[in-house]
Amino acid sequence: MLDNPSLFDLLHQRFPAAILSTHAHRGDATVTIRSEYLLDVARFLRDEPGFRMNFLMDLTAVDYLTFGQKPPGRAAHFNAGVAVRPPAFIQDQIPWPGPATGARFEVVYHFYSLETGHRLRLKVPVEEDSPQVDSLTPVWASADWFEREVWDMFGIRFKGHPNLKRILMYEEFQGHPLRKDYPVNRRQPLIGPIN
Amino acid sequence: MDTTTLTESIENQMIRKEMLLNVGPAHPAMHGIIRIVVGLEGEVVKSTEVEIGYLHRGFEKMSETVAYNGVFPYTDRLNYVSPLINNMGFAMAVEKLIGLQVPDRCHYIRVIMSEISRVSDHLTCIGASAMELGAFTVFLYMIKAREFLWELVEMVTGARLTVSYCRVGGVKADLPAGFEEMTRRRIAEVRKVIAECDKLLTRNRIFVDRMKGTGNISQAEAVSYGITGPFLRATGVNYDVRKNCPYAVYDRLDFDVPLGTEGDNLDRYYCRMEEMEQSLRIVEQCLRDIPGGAVAVDPETGRPMQTEDLHRMAASEMVDEAKMGKIYKVSGKEAVVDPTLEGTDKKVWKRISAGEKRVSLPPKEDTYGNIEGLMNHFKLVMFGHGIRPPRGEVYFPVEGANGELGFYVVSDGSENAYRVRVRPPCFTILAALPLLLNGDQVADIIPTFGSVNMIGGELDR
């Protein structure tokens with residue numbers, strides 16, 4: 001089993017232009033890459049002997065629109081609690097570098113390798129005006145439903161997905177509920193029976 | 001005309017038409033609410049379309065609006081058959097984010113409770129799918145055994161279903177008096193039930209015929225679909241989060257991971273049956289190894305916690321005295337609290353909570369008896385206050401009853417999580433359902449779907 005820096009080195013050697021940043025906050029190896037390299041990196045991760053990431057464990061997205069901002073309409077004593085500092089005894093004191101780019105969305109992939117026992121988080125920044133990344137369905141079958149869910153919840157399109165439609169919400173649902181500009185108490189128009 | 005040409009001509013004249021059959025959303029065999037549209041050719045399933053989302057309640061969105069400890073009641077409602085595992089998963093994810101270490105005793109309590117939950121989850125799964133195949137007795141027996149376990153859960157947490165037992169940096173309260181012997185008795189009873197059901201099912205011709213060779217999935221397909229848990233292990237892939245990425249105290253415990261060979265419904269049944277036994281073994285080992293004993297023992301005397309009435313004082317009186325500044329009346333006294341808060345007093349507090357002031361609630365004696373404790377309590381529970389972890393992102397997997405249950409938490413340093421994502425284990429299995437059903441008969445939908453152990457709350461969140 002390789003340690004996190006050597007994992008990053010392997011990726012750097014193969015894709016010097018693709019990698020935007022790496023970090024190992026709390027021991028979770030994380031690599032941020034440019035979206036155009038996604039399919040190549042994914043295939044490399046699956047097939048390269050050092051990685052052999054045969055599980056795509058999780059695929060989700062984060063909307064960084066309001067990151068670090070006070071939510072509107074909150075009471076003045078918002079965030080009046082005392083911030084917890086990580087205790088001195090934990091080994092990993094690497095601070096989190098924050099969202100890698102200024103892009104609004106990040107699609108987050110969690111890989112696991114049964115052979116080597118590595119876990120790796122891959123992040124792909126996605127711009128707001130053209131929220132689209134390549135689909136990983138040709139590489140892992142589990143990407144199918146996960147990507148449908150991200151489309152449903154965040155409105156990020158996956159190029160090459162065979163059946164990209166809503167999964168948890170209904171077809172008539174307006175908007176994408178996990179986006180930060182979707183208010184939590186918004187009501188949806190009632191839908192009647194389909195004629 | 002010989003027979004082959006005759007059959008051919010009959011086949012040519014037959015109207016071949018795919019018949020669409022709606023199974024669900026409200027169908028007794030669909031466990032929660034889920035719709036499966038199957039295309040049939042005769043009795044053979046040709047195509048399957050799965051429609052989910054009927055139980056979507058916006059877990060992830062709601063988690064962004066409440067404080068960290070406020071997420072626990074929502075996690076109860078993910079996999080509502082084994083809520084304690086969800087509690088543990090979220091608690092450990094946030095603890096990883098903060099970098100917090102909880103005491104060993106707390107880990108052991110969490111492991112005991114999650115293994116009890118795992119057994120009850122497997123009992124429900126096997127019982128329900130056996131009932132759908134006609135073995136109603138097994139269902140009743142297994143629900144009886146689950147009841148034994150849920151009584152234990154009720155004894156510890158005060159609730160049966162929506163337990164909300166874990167907290168960031170600890171658990172709600174220590175184990176109650178009499179827990180150990182009650183658990184040992186219950187384990188013996190559950191073992192008896194499992195043995196009975198084993199006799200009723202494992203060599204039952206009807207059951208085996210319907211389970212064997214149906215719902216097959218190969219190792220490579222299961223891995224590609226991201227399937228985990230007993231479903232994956234039935235294909236022979238040795239992956240258990242408790243063994244491969246040990247968390248809490250699982251690396252100190254001795255248990256086996258049962259593996260199947262065929263990846264069919266029968267193997268999944270075998271795996272679940274064996275896993276229950278292994279979980280009971282884990283509980284027994286935990287009861288033996290738990291530091292401080294399985295019941296609340298006085299750390300100084302080593303005897304079960306019993307204080308003379310002289311030193312006990314109702315919490316309400318304590319508050320009144322403290323308000324008037326009569327600290328001499330309350331100092332050194334043990335608060336007699338509401339039954340729902342039992343096991344949170346000062347003596348046991350250190351052993352079940354991380355002791356970090358910014359995360360864990362203070363013991364009740366401090367909350368009621370002095371201003372520092374009161375302020376500490378206030379700073380954690382009032383609206384707009386609460387735990388504020390540092391900025392960061394973590395993914396923490398635990399072994400749920402259906403497979404890897406992962407929590408991905410992003411924090412922006414405020415009191416609410418910026419993003420909480422749960423990786424639901426049965427989501428990936430449901431995605432593979434067309435693969436499992438296509439080519440099988442209509443009647444095989446029932447055992448295959450039963451072995452998936454779909455839990456609507458977790459699937460749709």
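For the stretch B:151-162, state whether one or more residues are touching a residue at least 40 places away in the same chain (Cβ under 8 Å), farther than 15 Å from B:Ile109 by Cβ and crowded, with 16+ Cβ neighbours inside 10 Å.
no
When the residues of the stretch B:345-374 are narrowed to those that are small (Gly, Ala, Ser) and more than 17 Å from B:Ala173 (Cα to Cα), which ends up modelled with the lowest pLDDT? Steps first, answer last, please.
Taking the stretch B:345-374 and keeping what is small (Gly, Ala, Ser), we get B:353-355, B:360, B:369, B:373.
Adding the requirement that they be more than 17 Å from B:Ala173 (Cα to Cα) leaves B:369, B:373.
On the way: B:Gly369: 75, B:Gly373: 83.
Across the stretch B:345-374, the extreme among qualifying residues is B:Gly369.
Give me a count of the residues in the stretch A:142-195 that are of a type in the set (Phe, Trp, Tyr), over 12 Å from B:Lys61 (Cβ atoms) and at pLDDT 90 or above.
Of all residues in the stretch A:142-195, those of a type in the set (Phe, Trp, Tyr) come to A:145-146, A:151, A:154, A:158, A:170, A:173, A:182.
Next cut, over 12 Å from B:Lys61 (Cβ atoms) only: A:145-146, A:151, A:158, A:170, A:173.
Subset that is at pLDDT 90 or above: A:145-146, A:151, A:158.
Total satisfying the criteria: 4.
Pairs, please: C-beta under 6 Å, at least 6 apart or cross-chain, first residue surrounded by fewer than 18 Cβ atoms within 10 Å (Cβ to Cβ) and in the stretch A:16-44, second part of a strand (DSSP E or B) and among the hydroxyl-bearing types (Ser, Thr, Tyr)?
These pairs meet every condition: A:Leu20/A:Thr32; A:Ser21/A:Thr32.
Restricting attention to helices (runs of 4 or more DSSP H) lying wholly within the stretch B:342-382, give those where 2 or more residues are within 14 Å of chain A (Cβ to nearest Cβ) and surrounded by fewer than 16 Cβ atoms within 10 Å (Cβ to Cβ).
Details: elements: B:346-352, B:364-369, B:371-381.
By residue number, B:371-381.
Residue-by-condition table, conditions (1) under 21 Å from B:Arg423 (Cβ atoms); (2) not in a helix (DSSP H, G or I):
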{"position": "B:Ile217", "(1), (2)": "yes, yes"}
{"position": "B:Glu221", "(1), (2)": "yes, no"}
{"position": "B:Thr235", "(1), (2)": "yes, yes"}
{"position": "B:Tyr239", "(1), (2)": "yes, yes"}
{"position": "B:Ala248", "(1), (2)": "yes, yes"}
{"position": "B:Asp254", "(1), (2)": "no, yes"}
{"position": "B:Thr261", "(1), (2)": "no, yes"}
{"position": "B:Arg268", "(1), (2)": "yes, no"}
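Quickly run through the stretch A:120-150 and pick out the residues that are touching a strand residue (DSSP E or B) at 6+ places or on another chain (Cβ under 7 Å), closer than 21 Å to B:Ala220 by Cβ and either surrounded by fewer than 23 Cβ atoms within 10 Å (Cβ to Cβ) or polar (S, T, N, Q) (or both).
Answer for the stretch A:120-150, where residues must be touching a strand residue (DSSP E or B) at 6+ places or on another chain (Cβ under 7 Å), closer than 21 Å to B:Ala220 by Cβ and either surrounded by fewer than 23 Cβ atoms within 10 Å (Cβ to Cβ) or polar (S, T, N, Q) (or both): A:Leu120, A:Ser135, A:Ser142.
What number of residues in the stretch A:149-183 are in a loop (DSSP other than H, G, I, E, B), among the β-branched types (Val, Ile, Thr) and within 19 Å of B:Tyr54 (Cα to Cα)?
Residues flagged as in a loop (DSSP other than H, G, I, E, B), among the β-branched types (Val, Ile, Thr) and within 19 Å of B:Tyr54 (Cα to Cα) within the stretch A:149-183 amount to 1.
Could you check B:Met62 against (1) outside the structural domain of B:Glu415 (by TED's automatic domain parsing); (2) surrounded by fewer than 18 Cβ atoms within 10 Å (Cβ to Cβ); (3) not in a helix (DSSP H, G or I) and say which number it fails?
The one condition B:Met62 does not meet is (3).
Which residue, of A:Val133, A:Val124, is over 26 Å from A:Pro5 (Cβ atoms), more than 8 Å from chain B (Cβ to nearest Cβ) and touching a residue at least 60 places away in the same chain (Cβ under 8 Å)? Write out each step before concluding.
Numbers: A:Val124 fails: over 26 Å from A:Pro5 (Cβ atoms).
Exactly one residue qualifies, and that residue is A:Val133.
Which residues, taken from the stretch A:13-41, are modelled with pLDDT of 85 or more and either part of a helix (DSSP H, G or I) or of a type in the set (Lys, Arg) (or both)?
Of everything in the stretch A:13-41, those that are modelled with pLDDT of 85 or more and either part of a helix (DSSP H, G or I) or of a type in the set (Lys, Arg) (or both) turn out to be A:Arg34, A:Ser35, A:Glu36, A:Tyr37, A:Leu38, A:Leu39, A:Asp40, A:Val41.
Filter the stretch B:202-239 down to residues that are touching a residue at least 60 places away in the same chain (Cβ under 8 Å) and under 14 Å from B:Glu262 (Cα atoms), then give me how many there are.
10
Restricting attention to the stretch B:414-433, and to residues there that are within 11 Å of A:Phe146 (Cβ to Cβ) and of a type in the set (A, V, I, L, M, F, W, C), which single residue is nearest to the other protein chains (Cβ to nearest Cβ)? If you could, list the steps in order and put the result at the bottom.
First, pick out the residues of the stretch B:414-433 that are within 11 Å of A:Phe146 (Cβ to Cβ): B:421, B:423-424, B:427-428, B:431.
Filter again for of a type in the set (A, V, I, L, M, F, W, C), leaving B:427, B:431.
Details: B:Phe427: 6, B:Ala431: 4 Å.
Applying the filter and picking the extreme gives B:Ala431.
Any idea which residue in the stretch B:383-401 is farthest from B:Arg233 (Cα to Cα), counting only those that are in a strand (DSSP E or B) and within 7 Å of another protein chain (Cβ to nearest Cβ)?
Initially, the stretch B:383-401 is screened for residues in a strand (DSSP E or B), giving B:388, B:392-399.
If we keep only those that are within 7 Å of another protein chain (Cβ to nearest Cβ) as well, we get B:388, B:392-395.
On the way: B:Arg388: 39, B:Gly392: 33, B:Glu393: 30, B:Val394: 26, B:Tyr395: 23 Å.
Going through the qualifying residues, I end up with B:Arg388.
The values are calculated or read from the model by the stated rules, or taken from the named source; none is laboratory data. Predicted, not measured: the structure shown is a model, and the values here were computed from it. Counting neighbours? That spans all protein chains shown, and the Cβs are built from the backbone with ideal geometry, glycine included.
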